[in-house]
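Okay, so here's the structure we're looking at.
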Amino acid sequence: METKLVIEHIDEELFEWTKKEYQHIVSLSPWKVWITNLGQLVQETSNLYPQVEISSESIAHMDLPKESVCFFDMRAEKTLSTEDNFKYLVVGGVLGDHPPRDRAKYLREQGYQLRNLGAGQMATDIAVLAIKMILHNKVPLEAIPFQVDPEIEFENESCKETLEMTGFKYILDEDGRIILAEGLLPIMAQDFLEE
């Protein structure tokens, strides 16, 4: 059974940070990537990620067997296990808001299989990394090195600033640093400085 990783796009545009996260997902995923619910953003997205399957339609409107679709939802009762096996792994615009706005509630109501990735929010690409570690690498959730509410230091012209990622958890690399999409920190830092 060929597995597909589905990113259900939630926003009405493609923000710069979204592009970085999606590129990170494409580089991380051992599965074919499919971005759905793009509406008018189909052409722009197709140009950015020519190797990815693209759809203007939401996965919720597609006639897929409910038991073969897993939607990752922090409200799900069951936690993803190394033994789980699904044809469609659905993430995106789902695990990345703080406080959570539950914008993907409509997916939870489709009758799909639901799984959580433990307590706490994650950026979509970090959620994909966790899913990959659990399903592909067979690393149980409790063995994944998470850091909750990390503080990220960045240089701001003449001084150092600290970006507090309250409400989120990230995965640490072998050197104990949080994993971020390439080029994402300057965008996050800019948003932080504009607040």
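The values are calculated or read from the model by the stated rules, or taken from the named source; none is laboratory data. Because the structure is a prediction, the values reported are computed rather than measured. For neighbour counting, all protein chains shown are included, and Cβ atoms are generated from backbone atoms with ideal geometry for every residue, glycine included. Remember, those area values only see protein heavy atoms, side chains included, never the ligands or the DNA or RNA. Shrake-Rupley method; radii C 1.70, N 1.55, O 1.52, S 1.80 Å.
In the stretch 15-53, which residue that is free of Cβ contacts under 8 Å to residues at least 24 places away in the same chain and part of a loop (DSSP other than H, G, I, E, B) is most open to solvent (accessible area, probe 1.4 Å)?
Going through the qualifying residues, I end up with P50.
Just checking, how many residues over the stretch 142-190 are farther than 28 Å from L80 by Cα, among the acidic types (D, E) and not in a strand (DSSP E or B)?
1
Looking at V128, V139 in this structure, which one is touching a Ser or Thr at 6+ places or on another chain (Cβ under 7 Å), among the hydrophobic types (A, V, I, L, M, F, W, C) and either part of a loop (DSSP other than H, G, I, E, B) or modelled with pLDDT of 95 or more (or both)?
None of the others qualify; the one that does is V128.
Using the structure shown, decide if L135 is open to solvent by less than 40 Å² (accessible area, probe 1.4 Å) and touching a helix residue (DSSP H, G or I) at 6+ places or on another chain (Cβ under 7 Å).
Against the criterion (open to solvent by less than 40 Å² (accessible area, probe 1.4 Å) and touching a helix residue (DSSP H, G or I) at 6+ places or on another chain (Cβ under 7 Å)), L135 does not qualify.
Can we say S56 is part of a loop (DSSP other than H, G, I, E, B), touching a Gly at 6+ places or on another chain (Cβ under 6 Å) and at pLDDT 95 or above?
So S56 fits the description; yes.
Check off (1) open to solvent by less than 50 Å² (accessible area, probe 1.4 Å); (2) at pLDDT 95 or above; (3) farther than 20 Å from H24 by Cβ for I171 and give me the number that stays unchecked.
(3)
When you go through Q147, Q113 one by one, which is the residue that is open to solvent by 40 Å² or more (accessible area, probe 1.4 Å) and either within 13 Å of V90 (Cα to Cα) or in contact with a Ser or Thr (Cβ under 8 Å, 6 or more places away or on another chain) (or both)?
Result of the check over Q147, Q113: Q113.
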